[in-house]
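Have a look at the structure below before the remarks.
What follows is calculated from the coordinates using simple rules that are stated; it is not laboratory data. None of the values given here were measured: they were computed from a predicted structure. Note that we place each Cβ from the backbone using ideal geometry, even for glycine, and neighbour counts take in every protein chain shown.
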Amino acid sequence: MTDLIADRWLLDRPNSYIGRSVPRPNAPRLAEGRGAFVDDIETGGRTGHAAFVRSPHAHARIGSIDAEAARAAPGVIAVVTGRELAEIHDPWVGVLSHLQGLKSAPQYALPLETATWQGEAVVAVVAESRARAEDAVELVKIDWEVLPAVTDAETALDPATTVIHESLGDNLAWRRNADFGDIEAAYAEADHIVEETYVFARHTGVCVEPRAILADWNPGEGQLTVWHNNQCPHMVQNILATHFRLDEHRVRVIARDVGGSFGIKVHTYADELATVGLSLLLKRPVKFVADRLESFLSDIHARDQRVQGKVAVKDDGTILAFEIDALSGIGPYSMYPRTSGIESNQIVNLTGGPYAFDHYRAQATVVFQNKNMMCQYRAVGHPVKCAVTEGLVDAAARATGMDPAEIRRRNLRADDSYPCKSAQGLPFENLSHQESLAKLLDAMDYDALKAERDALRTEGVYRGIGLASFIEVTNPSAMFYGVGGARISAQDGATMRLDARGNVFVATGATEQGQGMEAVISQVAATAVGVPPERLKIVTGDTEHTPYGGGTWASRAAGIGGEAVAQAGRALRQQILRAAAVMLQEEAENLDIRGGVVVERASGAERIGLDEVGRVCYYRPDTLPDGFQSELVATRHYVPRQYPFAFTNGAQASYLEVDVETGFISLLDHWCIEDCGTVINPQLVDEQIRGGIVQGLGGALWEQCVYDSDGQMLNANMADYLVPMAAELPDMRCGHVVSPTFESDLGAKGVGEAGTCGAPAAVMNALNDALAPFAARLTDMPFTPQKVLRALGKI
Amino acid sequence: MKPAPFAYVRPASLEDAIAALDEHGEDSRILAGGQSLMATLNMRLSAPEILVDIGRVPDLAGIEETDAGLRIGAMTRHAEVEASDLVASRAPLIASAMPHIAHPAVRNCGTFGGSIALADPAAELPACAVALGARMTIAGKGGTRTVDADAFFRGLYETALEPGEVLTAVEVPGIGAGWKSGFMELARRHGDYAMIGLAAHVEVQDGRFGQGRLVFFGVGERPVCAVRSAALLDGESWSDALGDRIADALKEELDPSEDLNADAPMRRHLAGVLARRVLAPLAA
Ligand SMILES: Cc1cc2nc3c(=O)[nH]c(=O)nc-3n(C[C@H](O)[C@H](O)[C@H](O)COP(=O)(O)OP(=O)(O)OC[C@H]3O[C@@H](n4cnc5c(N)ncnc54)[C@H](O)[C@@H]3O)c2cc1C
């Protein structure tokens, strides 16, 4: 069959919706209060509500469990222990074969013998309401034998430290060593070698909608239906089928609306699997909605890295080498199925990323500890590798007496050097570091800002400017997880169908998390077929009604899910044109679809409406020639193959003021120039960048899961865990450079994590610039007023 | 985060409220704006058997001028106090504290009396009450009594209120000629309880300080009146040297607690910074 559609068929379409800020199709639904979040789902009066007895200790053996009083409490349906649940499921182990040597222990829905972090769910109570379940939770008595808690990553491997999982032999989860080029030769050649240690606190992603799951096992049909606010319905389907010994087609996972996820909702949480197990045991629907307090103790945490960094630089500012040694404590298990080694792996892979240098050495050590589990949260590893790199680049600038912008200009990869490979051997397809930096300096009026900073300094006002260039991993291929054996789909699919009235139904594997995915999908679908977005119906987040796909993670949904939609839309357009050509007795090549009407390609003259095409194909096929069967539905899948990741790049800047008497930092301004290739929806892209920046600023200045030495989290509530709030935030100005990926027709890379990646680095550099007149440097995030005052020697 | 079961009544008169409280004794709790109480119930930090909602009790809300000064009804919402011209002119210290209390949504529900009765050590209004020498009007089974702010705040969340008593109003005395006030607090995020704050109410004549009160919050179990440090002001005009003396004196006088945001040395240091920043403009 000839291809009816030319090259650049998508981006040069007449009436294109790509590049426009179209409204979100799901916004009115949400504004009307008609969202379908898990807690909105009604399953009738038989629903049991789960609450959990959570371990008050960081490490303790579970002795006898006295649940008699709880079972007798009003409204209680069942009290279930780990041993009972273990009868009906198989445990999981969070390892990936390509993270060689990564080990972890089997994890059950509820632990059998030992609780390994404070807040771990230990006993489940199911009652007629959540309040009743909480009442009964208070009545469960457990004989705890408290064990020594391993909390400090620095001493987790000491021989004197308790081993959390005896079967593993020690507390080492994983170690990776990497050596590229000849670092010793680079050190010998360098004029300066600068060392600095950076610390990144544990923090977490605080979603507006907490984790929630409603499981309904129907023994009559042998069917498990699970409403679950996760990012990857097909992944969850597979995990539930595997660990509850079901056939995959007997498990349906629905994730319609999700109130924010940020990577928090992409993991296998034991309490969620316990909820599914409870439904299977009790043969009735069971719902679990995490409350804020348990969210802080059980939603994954992230970062928690101590990185010693080293940079080798010549007098002329040429950077020769980077070296890092990173240590991270990940909690008592490696999270399943993505593992808790990826954050450290990313740091090893990506440090130094924007710069042209040849010599690199890295060590990453990942240890177990008795704190909540750590795993992938927005911009996995990126804020760490970026702050380490950019901190070291600023250190190199100081060592060589060079302006921070100048040393970056000298060392950033040239825009005409692509395709090329990073020092670590990762391929870069098409980036724009130099142009992005130039645009950034222009947007912030760098020289004028420096002059203002210098003038104010003489008046005792201490302001600082911080720059940060970055790369971001997006559109991951199967090289990210699949290659390591995880059943996590890197490909995505889309099915599009013309209905009898000429409207288009779109089912996509990409999922809506509140980020506006439905809008992006609608723009691509509308453009690919040639219809206005209001003629589309988008279906997401249902394993029974969407093609197999990976969902939302690693900034992939638009670039990969969107491309699948583009290809399905292109196929559907060809199908429609063939049918229309038959009806019009015209060559299909001479036709196109624009504005929902089949038109003459050359003149744009209207020929036949899509409603008419639908009517004839579905109701009057007898009027079509013998031997012509219309097909008005197309499914296409897409996965990147040439490149393991579509790297994006950009540059951020922060301008801030330090009150040197109080230690308070005021963020005055923030800029981000970002290159995500094709910008499908400028408003949504900027929202992603700004939202990402805010989470990056959170890590830099406020957010920290504070633990004491017994493994108790001290601020597990919204009053004491400081999420960034609007009053403290600066304006965030976004700009774009467009270097599309050539791998897809859409050319879109991801943008979800760029803001989070660069913001902490920019703030750290700005803070240290502001403190330059003093003998004070801070590299230990979050930068609290107390740390600032200590660095200044005021307290 | 669901509260333990509790009963609820909403009496229509003060007498009924007091009777309900009396009947249930220690197991009852007054519900005002609910902005603090509901959170503690939801977190199961407390589990009273019955809540006595005083939201429908007449005459508990409102701000009026009296012979003695200003009367602020206990059920007056923070938002109303914040917007009040009377408060702005008669008790500017309170007016300047209001925007620092939580966020607009909380201020729409939270009450003036609730803040005073709760006596959070980092709260603004108890410190303002002490600085201004306010008097608390309290009703109970035995009738009505008044307690001076100094005697009202006894310790951590502890006040002179006895079980069964209702705080009905706060009387703020009129401001004497030449008295000025200043307010400042430091919080990691706007609307959070203060890391440390200062409510100052001082006499200033011709650029010289006289009597005065420097009341810090967020530094101890209750509002802390730094008497010895404030005494250094008497008869002095502002100078950096005076600021230094006061900062040094505060380091001696205050014995602050520590929390996740600030240790004791930090609070001592910040007390001096606040004193300088609040007092310098008052003398100008
Ligand atoms: C997010 C958030 C931030 C906040 N930030 C601040 C802040 O920065 N500064 C600040 O001061 N407050 C802050 N608050 C608390 C807020 O000001 C509360 O409204 C106030 O502390 C209590 O007032 P309420 O009317 O809500 O009282 P409730 O919560 O109803 O009651 C609080 C306590 O006082 C008792 N009580 C209430 N009224 C009376 C009365 N008339 N007589 C006797 N006992 C009574 C109740 O029994 C209860 O024990 C914050 C609250 C929130 C939710």
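Between B:Arg208 and any residue 5 or more places off or on another chain, the built amide H atoms are never under 5 Å apart. A simple count of charges around B:Cys109, restricted to other residues whose Cβ falls under 14 Å of its Cβ and scoring Lys, Arg +1 and Asp, Glu -1, yields -1. Between A:Arg398 and A:Thr242, full extension at 0.36 nm per residue minus the direct alpha carbon distance yields a gain of 50.7 nm. Note on B:Asp59 and B:Arg277: their simple-model spin labels are 4.3 nm apart, each label 7 Å out from Cα toward Cβ. In terms of distances greater than 30 angstrom between alpha carbons, the cross-link table entries A:Lys141/B:Lys141; A:Lys314/A:Lys450; A:Lys787/B:Lys2; A:Lys103/A:Lys265; A:Lys141/A:Lys287 yield A:Lys141/B:Lys141; A:Lys787/B:Lys2. With the dipole of segment B:181-282 worked out from charges on the C-beta (+1 for Lys and Arg, -1 for Asp and Glu) around the Cα centre, which of B:Leu214, B:Pro265, B:Leu282 lies farthest toward the positive end? Value: B:Leu282. Taking the inverse of the mean reciprocal distance over all distinct Cα pairs, the Kirkwood hydrodynamic radius of the protein assembly as shown comes to 32.0 Å.
With 0.36 nm allotted per residue and the present C-alpha distance subtracted, the A:Ala726-A:Asp90 stretch has 224.5 nm of extension available. The slack in the chain from A:Asp542 to A:Arg487, taken as 0.36 nm per residue of separation less the alpha-carbon distance, amounts to 18.0 nm. For A:Val208 and A:Glu42, what does the FRET efficiency come to when R0 = 22 Å and r is the distance between their Cβ atoms, rounded to the nearest 0.05? E(calc), rounded to 0.05, equals 0.55.
When peptides A:531-543, A:748-760 are ranked by their average number of other Cβ atoms within 10 Å per residue, the highest-first order is A:748-760, A:531-543. With both labels modelled 7 Å from their Cα along Cα-to-Cβ, the A:Glu166 to B:Thr40 distance reads 4.5 nm. With r as the distance between the Cβ atoms of B:Asp206 and B:Ala264 and R0 = 51 Å, compute the FRET efficiency 1/(1 + (r/R0)^6) and round to 0.05. For B:Ala264 and B:Asp206, the calculated efficiency is 0.85. Taking each DSSP H run with n ≥ 4 as -39500 (n - 2.57) and averaging over every residue of chain B yields -9500 deg cm²/dmol at 222 nm.
Between A:Arg61 and A:Asp152, what's the calculated FRET efficiency when r is the beta-carbon distance and R0 is 30 Å? Round to 0.05. Before the final figure, lay out each step's value.
On the way: r = 22 Å, r/R0 = 0.72.
My answer for the efficiency is 0.90.
The spacing between segment A:555-631 and segment A:202-220, judged by their C-alpha centroids, is 41 Å. The string of couplings for segment A:124-134 from the Karplus curve (6.51, -1.76, 1.60, θ = phi - 60°) is 9, 10, 10, 9, 5, 8, 4, 5, 4, 4, 5 Hz, one whole number per residue in order, with x for Gly and Pro.
Label-to-label distance, B:Ile50 versus B:Asp27, with points set 7 angstrom from Cα along the beta-carbon direction: 0.9 nm.
Couplings 3J(HN,Hα) of segment A:35-51, computed from phi: x, 10, 7, 4, 6, 7, 7, 9, 10, x, x, 7, 5, x, 10, 9, 9 Hz, in residue order, whole Hz [Karplus 6.51 cos²θ - 1.76 cosθ + 1.60, θ = phi - 60°; x for Gly and Pro].
A helix-only calculation puts chain A at -8000 deg cm²/dmol for mean residue ellipticity at 222 nm, using -39500 (n - 2.57) for each DSSP H run of at least four residues, averaged over all residues. If you take the Cα centroid of segment A:37-72 and the Cα centroid of segment A:472-543, the two points sit 36 Å apart. Distance between the C-alpha centers of segment A:273-293 and segment B:60-117? Whole Å please. Cα centres, segment A:273-293 to segment B:60-117: 46 Å.
May I ask you to sort B:Asp192, A:Asp720 by Cβ crowding, counting other Cβ atoms within 10 Å and putting the fewest first?
Values: B:Asp192 19, A:Asp720 16.
Taking fewest neighbouring Cβ atoms as first place, the list is A:Asp720, B:Asp192.
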